[in-house]
Amino acid sequence: MEAMRMQHKWWWIGVVLGVVVLLRSPVVRAVESDPLPVPKGTPHERAVSAYNEGVTLMRDKHYAAAQEKFEQALALDETLAEAHNNLAFSLRMQGTHNFERALHHYQRALDLKPDLARAYMYRGVLFTQMGDLARARADHAKLLALDQELAAKLESIITGAGGRDEYDGLAVPYD
C-alpha cells in the first residue's frame with residue numbers, strides 16, 4: 001500500500017513538472033494522443049478515469065486488462081474517440097481473432113473524430129495484417145494530409161520495409 005502511495009505521489013510530481021514544461025514552451029501544440037482533461041464532478045469523469053487506467057495498462061502491455069478498462073469507459077461515454085482507438089489497438093494486439101472487432105472500433109473512432117491520425121495509422125496497420133493493401137493505402141492517403149511522420153511509418157509497414165513501433169497508435173491518458 002505504501003508503495004502504491006509513493007507511486008501515486010511520483011506520478012503527480014511528474015504531471016506537475018510536465019505542465020510546467022509545457023507552459024514554459026514557446027509553442028504548445030496539443031497532440032491527439034495527449035491526455036484529455038479529467039472534468040471534475042461530472043458523469044464524464046468516471047469514463048475518463050477508466051480510460052486513463054486503460055492507457056496505463058496498455059503501455060505495460062496488459063492488453064486484456066486494458067481492453068476491459070476501455071470497454072468500461074465506453075459504457076460510460078461512448079463518444080470517447082480515443083477510447084475506441086485504444087480499445088481497437090488492445091484488441092488487435094491480442095490476436096487475429098479480434099481483428100473484426102478492432103476494425104469496428106477504429107471506424108467508430110474515426111466516425112467520432114475524423115482527424116484522429118493515429119486511428120488511420122493503426123487501422124492501416126490492421127488492414128495490412130489482414131492482407132487488404134488497397135484499404136491500407138487508402139488510410140495512408142488520408143494520413144498524408146494529417147501527419148507526415150505517421151504516414152511515413154505506415155508506408156514502411158505497408159511495403160514491409162519498416163519495423164513496428166507498437167505505441168505510435170496509442171492515445172495517452174487524459175490529464
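The values are calculated or read from the model by the stated rules, or taken from the named source; none is laboratory data. Everything numeric here is computed off the predicted structure, so don't read it as measured data. Please note: Cβ atoms are built from the backbone with ideal geometry, for glycine as well, and neighbour counts cover all protein chains shown.
For first residues located in the stretch 142-154 and over 18 Å from PRO114 (Cα atoms), partners that are surrounded by fewer than 20 Cβ atoms within 10 Å (Cβ to Cβ) and lie 6+ apart or on another chain with Cβ distances below 8 Å form the pairs LYS153/GLY162; LYS153/ASP165; LYS153/ASP168. Residues that are of a type in the set (A, V, I, L, M, F, W, C) and modelled with pLDDT under 95 within the stretch 58-72 comprise just one, MET58.
Out of curiosity, is LEU150 among the aliphatic types (A, V, I, L, M), in contact with a Phe, Trp or Tyr (Cβ under 6 Å, 6 or more places away or on another chain) and surrounded by 13 or more Cβ atoms within 10 Å (Cβ to Cβ)? Considered against the rule, which asks whether it is among the aliphatic types (A, V, I, L, M), in contact with a Phe, Trp or Tyr (Cβ under 6 Å, 6 or more places away or on another chain) and surrounded by 13 or more Cβ atoms within 10 Å (Cβ to Cβ), LEU150 comes out as no. Quick check: anything in the stretch 106-120 at pLDDT below 95 and either of a type in the set (Phe, Trp, Tyr) or on the phi > 0 side of the Ramachandran plot (or both)? No, that holds for no residue.
Please list, ordered by residue number, the helices (runs of 4 or more DSSP H) wholly in the stretch 48-159 having 2 or more residues that are touching a strand residue (DSSP E or B) at 6+ places or on another chain (Cβ under 8 Å). Let's see the steps before the verdict.
On the way: elements: 63-76, 81-93, 99-112, 117-129, 133-146, 148-158.
Counting at least 2 such residues, we get no helices (runs of 4 or more DSSP H) at all.
Just to be sure, is ARG92 within 23 Å of GLU155 (Cα to Cα) and in contact with a Ser or Thr (Cβ under 7 Å, 6 or more places away or on another chain)? Here the answer is no, as ARG92 does not meet what is asked.
Taking the stretch 54-72 as the range and being in contact (Cβ under 8 Å) with a residue 24 or more places away in the chain and within 18 Å of ALA119 (Cα to Cα) as the test, the residues that pass are GLY54, VAL55, MET58, ARG59, TYR63, ALA66, GLN67.
Checking the stated criteria, PRO43 turns out not to satisfy the condition of being farther than 22 Å from LEU144 by Cα, touching a Phe, Trp or Tyr at 6+ places or on another chain (Cβ under 7 Å), at pLDDT below 95 and exposed (fewer than 15 other Cβ atoms within 10 Å of the Cβ).
With respect to being under 29 Å from GLU149 (Cα atoms) and modelled with pLDDT under 95, ASN86 falls outside the description.
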